[in-house]
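Data first, discussion second: the structure below is written as structure tokens.
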Amino acid sequence: MGRVTTLNHDHPATTPASSSSRRATPREAVESRKRLGKTLVVAGWISAVIGVVLYCVASFAGDADADLAAIVLHGAVPAARAALAVIGGGTLLWIVGSVVHINAALDEADLESGRDPERHAQS
């Protein structure tokens, strides 16, 4: 007689969608954005502190008479100019991380109150 075959849904090759391709729930997306924001804030802070240390080292090792305008505009102490760029980049990372984190926190508050943050952002 005929043989009946059934699909084995436990086998990874026969599952319709793997777990890695599933869409994140709104709560998971918010948590992921909050983690990203925190990571950017910490990375920005670390970068800015490293930039301050490099600026101090470059300023003390270089011309003691050079003021900030001479460093930035005329390149009096090139290493100090690069350190200022590192400080600026770290500050930018910190600001972006802060905005990402607060945006995610506001979306989390919308989720907890039962409002859809996607619909709320479009209006």
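Taking the criterion of being open to solvent by 60 Å² or more (accessible area, probe 1.4 Å) and farther than 11 Å from Val41 by Cα, the only residue of region 87-102 that qualifies is Ile102. Residues of region 24-39 that are part of a helix (DSSP H, G or I) and over 9 Å from Val100 (Cα atoms): Pro26, Arg27, Glu28, Ala29, Val30, Glu31, Ser32, Arg35, Thr39. Among the candidates Ala70, Ala58, Ala24, Ala29, the residue that is at pLDDT 70 or above and under 17 Å from Ile87 (Cα atoms) is uniquely Ala58.
The values are calculated or read from the model by the stated rules, or taken from the named source; none is laboratory data. In this text, all values refer to a predicted model and were calculated from it rather than measured experimentally. Surface accessibility is based on the protein's heavy atoms, side chains included, excluding ligands, DNA and RNA. Shrake-Rupley method; radii C 1.70, N 1.55, O 1.52, S 1.80 Å.
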